[in-house]
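Please read the structure below before turning to the comments.
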Ligand code: ADP
Ligand code: ASP
Ligand code: MG
């Protein structure tokens, strides 16, 4: 059971978790940092990178004061409050120490880990005060990524199982989402929103009967509720469909979090902590096909267009193109080709200039930035007729820069300017779902 930032976002919300986790079923509870905390920690880290010690210190003290208030409201008895205040001070003294030293990526990762370390300790303390038995197993004892930043499934499985063996009679186990160690044993993390990923990695490692992601909305909606009104919850969705939507921007799930569940065929349930009786969304290996099921959008996309007469009737050309992306460890999202040109999108622009420079050896190169991929999930099996006209009808006022169809039986993707994204999502909602 993973509870996200808003689900632990205030003392009241934390107290409201108790009835959800306090039953005889053995479970592992994964917590995010309280909402806003990781953003504040990122700000502190950025100030320290900029050598702005004063602002970093005052931001740190501001956050410390906020947490002392949380302790006052969360706990009732003096002994537990005292323990809570000491805990908060130890974390913020730890962060304060970084203002006195050279600041590097290593320190940044250590600072970012504090949010989850605090939220789990606070819940553990609250349960102790209420007389509810729980164990806190530190994620840093078992969660690990390898040299490529990918989770080390074998290490995770061996180590969490060893930890769990110490507590075979306990039913309520708490741990941190998001944080991990890297191949060198240093503190690291699974990237922003990574607590969902923690939950599914743990679920897979312990062969859980179900992975539950508790958040602030009653499941997967058919469009992005941040931009579109009247979105509707989808009750059942397949791993493939959910993975596609998460990858293409549906913030409710971290993009990598479907994989471990799918590989181990463990169902995932998305639930709303504010409405725990609502059934939410169930993600399994099967689901009913619908013409159109949902839409999501991913920003920060750049396209590289390579044009070369050498491509005409040639073989091996694309290999040379792909090798350049591989050399810069830059994954490709979308690709379309014609006989003499190929367009490729990426979401990590870090090496875009170097990639373009190398591609120029192969042909003329053009770059365009500030783009979004719109992903429509539905029934796009290639033997079907009649799928997709509503999509083009909906978007007939919006320039389409690339279309990807036939790559997957359950999705169609389009590339547009980010400035047209909200309009595109709204028009798709109107034409596909209402
Ligand atoms: P948590 O802190 O619990 O991890 P997130 O903010 O990461 O929560 O994810 C939940 C949010 O995702 C929702 O409040 C909603 O605004 C946003 N969201 C974006 N797309 C979707 C979608 N298709 N379905 C549901 N929620 C979505
Ligand atoms: N606290 C982390 C973040 O804000 C991880 C998470 O919430 O999933 O990104
Ligand atoms: Mg999240």
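Read-outs: derived from the displayed coordinates by stated rules, not from any lab. No experiment lies behind these values; they were computed from the predicted model shown. When we count neighbours, we look across all protein chains shown, and the Cβ atoms used for this are built from the backbone with ideal geometry, even at glycine.
Estimated translational diffusion coefficient (Stokes-Einstein, Kirkwood radius over Cα pairs, 20 °C, 1.002 mPa s) of region 323-434: 137 µm² per second.
Building the convex hull from the alpha-carbon atoms of region 241-335 and averaging its projection over directions returns 9.8 nm². The Cα atoms of region 348-408 give a gyration tensor whose axes a ≥ b ≥ c have a/c of 1.5 or more with a/b greater than b/c, which makes the shape prolate. Estimated purely from DSSP H runs of n ≥ 4, each contributing -39500 (n - 2.57), the mean residue ellipticity at 222 nm for the chain is -11500 deg cm²/dmol once divided by its residues. Ordering 119-126, 417-424 by mean Cβ neighbour count within 10 Å, with the highest value first, yields 119-126, 417-424. Region 220-243 and region 119-184 have their alpha-carbon centroids 30 Å apart. Ordering 325, 178, 392 by the number of other Cβ atoms within 10 Å of each residue's own Cβ, fewest first, gives 392, 325, 178. With one equal scatterer per alpha carbon and no solvent term, the Debye-computed log10 I(q)/I(0) for region 64-108 at 0.17, 0.21, 0.25, 0.32 1/Å reads -0.54, -0.68, -0.81, -1.08. Quick one: if the Förster radius is 30 Å, what FRET efficiency do residue 400 and residue 147 give, using the C-beta to C-beta distance and rounding to 0.05? E(calc), rounded to 0.05, equals 0.15. Going by neighbour counts of Cβ atoms within 10 Å, the residues 433, 248 line up, fewest first, as 433, 248.
Compute the length gained on full extension between residue 26 and residue 106: take 0.36 nm times their separation in residues and subtract their Cα-Cα distance, giving the result in nm to one decimal. Taking residue 26 through residue 106 to full extension adds about 25.3 nm, to one decimal. Gaussian network model of the chain, Cα springs within a sub-10 Å range: biggest mean-square fluctuation belongs to which of 410, 396, 189? Fluctuation is largest for 396. A crude spin-label estimate for the pair residue 42 and residue 128, with each label 7 Å from Cα along the Cβ direction, gives 3.2 nm. Rounded to the nearest 10 degrees, the inclination of helix 53-74 to the longest alpha-carbon principal axis of the chain is 60 degrees. Value of Rg to Rh for region 5-73, rounded to two decimals, is 1.12; Kirkwood radius and Rg both from alpha-carbon coordinates. Would any residue of region 287-304 have its amide N under 14 Å from a label point 7 Å out along Cα→Cβ of residue 393? List them or say none. Only 292 fall inside the zone, counting backbone N under 14 Å.
Every Cα-Cα pair of region 193-242 was included, and the share exceeding 17 Å stands at 48 percent. In this label model, residue 339 and residue 356 are separated by 2.9 nm, measuring between points 7 Å along each Cα→Cβ vector. A convex hull fitted to the Cα coordinates of region 33-100 yields 72 cubic angstrom per residue.
The ellipsoid equivalent to the alpha-carbon distribution of the chain has semi-axes of 41, 27, 21 angstrom, derived from the gyration tensor eigenvalues as √(5λ) and listed largest first. In this simple spin-label model, placing a label point 7 Å from the Cα along the Cα-to-Cβ direction at both residue 327 and residue 191 gives a separation of 2.4 nm. Peptides 333-341, 308-316, ordered by how many other C-beta atoms sit within 10 Å of their residues on average, highest first, read 333-341, 308-316. When the alpha carbon coordinates of region 190-316 are projected onto the principal axes, the ranges are 61, 38, 31 Å, largest first.
Each principal axis of the Cα cloud of region 378-434 was taken in turn, and the coordinate range along them, longest first, works out to 33, 25, 15 Å.
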